[in-house]
Amino acid sequence: MVTGKLIVINNRTLRVQFTNAKGKDVTFNIKESELSAFIAQKKKSAIAQLNGLEVELEEVGGQPKQIREKGKAFEALESVRTSSNSSATTPVGDFHNPYNFVPALPHNTDIVQNSELGDRTPCSHGSYLDRYWSGRISVTLTTVTPLLIPDAANAREVEGTNGHKSYPIRLVNGKPYLPATSIKGMLRSAYETVTNSRFSVFEKHEDRLAYRMPVKNSDIFPARVERRDDNLVLRILTTGLVGHAGKLPRYQQSSNRLDKGESEAAVKYNDSSLPQHGDAVWIRLNQGVVTRIRKWTPICPGGGEWLKGWVLVTGANINGKKYERVFVESSDNQDIITVTNEMKSLWQELIKNYQETHVKDLEQRRRNNQQPQEYLGNEPGRTGWSRHIYEASELELKEGTLCYVELSNNQVTGLFPVSISRRLYTVSPQELLDTTLQPATDINHLSPAERVFGWVNQNGNGSYKGNLRVSVVQCDSDDPVEEFTESSLPLAILGQPKPQQARFYIAKDDQGTPLDPGLAKQDGYRSNYSLRGRKVYPHHAKLPAQHWENPTEDRTQTDQAGHFQEYRRPKINGQEQRDDQNRSIQAWVKPNVSFSFDIDVTNLSDVELGALLWLLSLPEHYYHRLGGGKPLGFGSVKLEINWDKTDLRKGEAWRKFYFCLDSTPNLSPKEAQTSIKVFQDTVTQVYGKPFDEVGFIQAFCRCVQGFDDNKPIHYPRKRQQSGQNLVPPHPEGKAFEWFVENERTGNSGGPKVSLPNLVSDYGLPLLP
């Protein structure tokens, strides 16, 4: 390996200068194929920034090869674009997603478990133990971007805004109040990451998630649950009709939501009432469409053209929907399948997934005195909802239930409430998290973060206090708060976690490697896969100096790096958008505001203390994330140790201190600082790589540094016109449009790209 530097000539030509094996200083033009992906991208977008960049390279036959940033591994641009297992290409991106993942590696080797990074019984709290560190660490926290500390207890609902809340800042004696628990939570999250500890919390992930099935599925058949000899059975209702069911006219297409209900074209009973879900009926068909309908009686209305059936009403749940369905009985419907407990469980799990997904939206509609099935507009989530989403009785597979059955070799492989339904993945998220990473259930098997910060058994019966306490946090700056006196500031819509998006949350191995592009959606959750790791929000680097200035003023233009005012929700027709999708703040903590606090620790090993001190003394331009609004760039903070106010000693030194009548001076800070190297050396020994090259350390460092390519950071969004490189945020968010386009099938299918690896994250593409 050789070190050198890059030289930019006339803002156009890139050369590399280094000392060759003969000790001679040489300069070469560079082949594109010999540039790392980062340098190749930077050459295209901002070549001037490469001038003077220190690099490493391989000298082969006197020629420079594999030129990369100093301290970084070489990764060719093509290897980033193209998966080794797929011919599909991943476009180099236009933007970064606000969140990514740091790999969480299993602890299933003896070398991990036999080290301080493995599990063990924690220390007691009764005394200072020899060879373990105790004492106090003095810390200064400085805000780098505005910090949000909302006072939830005093939030108010803004009148006439449909549930929009405005939050004041939390103050004590006129200064912002930063809870010690917030500091501890921030540190714990980072500590778990860099020690590769167990997850502190991993609840409510035991149920399988669901994805939307393809539109066409020839193995789906209508069925009715019936009782035969005290047993429940599925009666398969196949016919020669398209979709094996009659089309029952019910709705009309209209831009007016009030007209989307039952239309004049609806086919009704003789008494002008509408057929209801589950009704037994007689119908007449014309080319598969119901033209006449009668309530069922034992005597047929007359003529062989009348058919018996059951009405399936799912609601105006699709934009442009005109028909409900009638499952038709015929003499061919002789296929009977006994309902098993497994089928009941399969049905209940899927309906439960539907209902839990929409709990918040149901509450909103009820709060607005709207019926769940009411049609509200032409967009997903604003149409009417199917009955299985809001009817609690739909959880049970019982006599009279109308459903769709998937058959394979005459075996039931799926039960669905609608023909285009969600389908459960084969495994749950919990099944993909290695048992050595799941929260501990035994006090004798606590990982480093649990030993230091404390542990509570999620299954009950067990807890441990921990060995770290954060004191009251003091604000040390004058005029620390910026208040928005005229009106509160409406923030952009924050996204909700969507772990069902497997391309973002699932890894193809236990190292956190993203899924290959082009993978079929239904293959997202498989037993041989793993989770991507711990979710993190990278620092928003390279923001222009004026990004946070004058936040209440309209700024629709981008800055020189292409950043919009992402943190503020755009206006619609000149009106600020305040509703229950977003929140407003009345003030924030300004950048460059200082806070101070102490961290008291007891009985920490060299590795445990070293990890903590490393986190508290990261290099310049490495920032932790704290408070609300992290996806929007808020809450980047710098931590520094005040060594002259820090007192850390091992147990034997404290014993000597308390036995001595004279005051014993503090130990030199260098004594405690040696623990940082012990921590780094232990990581190197356990994971077999230099500290800076271990996967979770690399990813964490990328997170706290942020990206340096000047690409904007925002939730996925589509282009609004062809060829547009910069796309302003949509007032309604509409991130779902990007995911729909990414998954599109057919000849003009979407790219099906995954969230890139954090270390080599070259962004996601804007989709057409």
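The values are calculated or read from the model by the stated rules, or taken from the named source; none is laboratory data. Because the structure is a prediction, the values reported are computed rather than measured. As a convention, Cβ positions derive from the backbone with ideal geometry for all residues, glycine included, and neighbour counts pool all protein chains shown. Protein only, heavy atoms only, side chains kept; ligands, DNA and RNA dropped before computing areas. Shrake-Rupley method; radii C 1.70, N 1.55, O 1.52, S 1.80 Å.
Regarding region 313-333, can at least one residue be identified that is within 39 Å of the chain's Cα centre (by Cα) and within 18 Å of Leu232 (Cβ to Cβ)?
Taking every residue of region 313-333 in turn, none turns out to be within 39 Å of the chain's Cα centre (by Cα) and within 18 Å of Leu232 (Cβ to Cβ).
Please verify whether region 100-123 includes one or more residues that are at pLDDT 90 or above and among the aromatic types (Phe, Trp, Tyr).
Taking every residue of region 100-123 in turn, at least one turns out to be at pLDDT 90 or above and among the aromatic types (Phe, Trp, Tyr).
Just for region 300-328: of the residues that are in a loop (DSSP other than H, G, I, E, B) and in contact with a Phe, Trp or Tyr (Cβ under 8 Å, 6 or more places away or on another chain), which one is most open to solvent (accessible area, probe 1.4 Å)?
Selected residue: Lys322.
Could you list, in sequence order, all residues of region 396-443 that are part of a loop (DSSP other than H, G, I, E, B) and polar (S, T, N, Q)?
Thr401, Asn409, Asn410, Ser419, Ser421, Thr426, Ser428, Thr435, Thr436, Gln438, Thr441
Would you be able to tell me the number of residues in region 424-440 that are open to solvent by 50 Å² or more (accessible area, probe 1.4 Å) and either of a type in the set (A, V, I, L, M) or under 19 Å from the mean Cα position of the chain (by Cα) (or both)?
2
Can you tell me which residue in region 482-513 is farthest from Leu437 (Cα to Cα), limited to those that are charged (D, E, K, R) and over 16 Å from the mean Cα position of the chain (by Cα)?
Glu486
Being touching a strand residue (DSSP E or B) at 6+ places or on another chain (Cβ under 8 Å), open to solvent by 20 Å² or more (accessible area, probe 1.4 Å) and in a loop (DSSP other than H, G, I, E, B) is the filter here, so list the residues in region 444-470 that pass it.
Asn444, His445, Gly462
In region 50-74, which residues are at negative phi, exposed (fewer than 15 other Cβ atoms within 10 Å of the Cβ) and at pLDDT below 80?
Correct list: Val60, Ala73.
Could you please tell me which pairs satisfy a Cβ distance under 8 Å, a separation of 6+ or placement on different chains, a first residue in region 533-544 that is free of Cβ contacts under 8 Å to residues at least 40 places away in the same chain, and a second residue that is crowded, with 20+ Cβ neighbours inside 10 Å?
Pro544/His563
Kindly provide the set of residues from region 140-181 that are in contact with a strand residue (DSSP E or B) (Cβ under 8 Å, 6 or more places away or on another chain), aliphatic (A, V, I, L, M) and open to solvent by 60 Å² or more (accessible area, probe 1.4 Å), ordered by number.
Ala152, Leu171
Scan region 337-375 residue by residue and report those that are under 23 Å from Val233 (Cβ atoms) and open to solvent by less than 70 Å² (accessible area, probe 1.4 Å).
Within region 337-375, Ile337, Val339, Thr340, Met343, Ser345, Leu346, Trp347, Glu349, Leu350, Ile351 meet the criteria.
Spot the failing condition for Gly23; the list is (1) outside any loop (DSSP other than H, G, I, E, B); (2) of a type in the set (Gly, Ala, Ser); (3) without any contact (Cβ under 8 Å) to a residue 12 or more places away in the chain, and only one is missed.
(1)
Asn666 - would you say it is more than 24 Å from Pro448 (Cα to Cα), in contact with an Asp or Glu (Cβ under 7 Å, 6 or more places away or on another chain) and at pLDDT below 90?
So Asn666 fits the description; yes.
For Thr291, all conditions in the list (1) hydroxyl-bearing (Ser, Thr, Tyr); (2) closer than 30 Å to Thr413 by Cβ; (3) free of Cβ contacts under 8 Å to residues at least 60 places away in the same chain hold save one; what is the number of the exception?
(2)
Within region 395-409, which residues are without any contact (Cβ under 8 Å) to a residue 60 or more places away in the chain and surrounded by fewer than 16 Cβ atoms within 10 Å (Cβ to Cβ)?
The answer is Glu396, Asn409.
Check region 91-113 and report whether any residue there is open to solvent by less than 10 Å² (accessible area, probe 1.4 Å), hydroxyl-bearing (Ser, Thr, Tyr) and more than 30 Å from Asn710 (Cβ to Cβ).
no
For region 47-75, give me each residue that is of a type in the set (Lys, Arg) and under 19 Å from Arg702 (Cα atoms).
Listed by number, the residues that qualify are Arg68, Lys70, Lys72.
Filter region 733-768 for residues that are modelled with pLDDT of 90 or more and among the β-branched types (Val, Ile, Thr); which is least open to solvent (accessible area, probe 1.4 Å)?
So, considering only residues that are modelled with pLDDT of 90 or more and among the β-branched types (Val, Ile, Thr), the one least open to solvent (accessible area, probe 1.4 Å) is Val753.
Can Leu362 be described as without any contact (Cβ under 8 Å) to a residue 60 or more places away in the chain, in a helix (DSSP H, G or I), under 23 Å from Glu396 (Cβ atoms) and within 27 Å of the chain's Cα centre (by Cα)?
For Leu362, the condition - without any contact (Cβ under 8 Å) to a residue 60 or more places away in the chain, in a helix (DSSP H, G or I), under 23 Å from Glu396 (Cβ atoms) and within 27 Å of the chain's Cα centre (by Cα) - is met.
When the residues of region 190-231 are narrowed to those that are crowded, with 16+ Cβ neighbours inside 10 Å and among the basic types (Lys, Arg), which ends up farthest from Phe101 (Cα to Cα)?
So the residue we want is Arg224.
Read through the list (1) at positive phi; (2) open to solvent by 30 Å² or more (accessible area, probe 1.4 Å), then give the number of the only condition that Asp708 fails.
Status for Asp708: all satisfied but (1).
Residue by residue through region 485-512, note down the ones that are touching a strand residue (DSSP E or B) at 6+ places or on another chain (Cβ under 8 Å), open to solvent by less than 20 Å² (accessible area, probe 1.4 Å) and either under 25 Å from Gln565 (Cβ atoms) or not in a loop (DSSP other than H, G, I, E, B) (or both).
Ser488, Leu489, Pro490, Leu491, Ala492, Ala502, Arg503, Ile506, Ala507
Answer yes if at least one residue in region 182-189 is assigned to a loop (DSSP other than H, G, I, E, B) and either modelled with pLDDT of 90 or more or open to solvent by less than 30 Å² (accessible area, probe 1.4 Å) (or both), and no otherwise.
no
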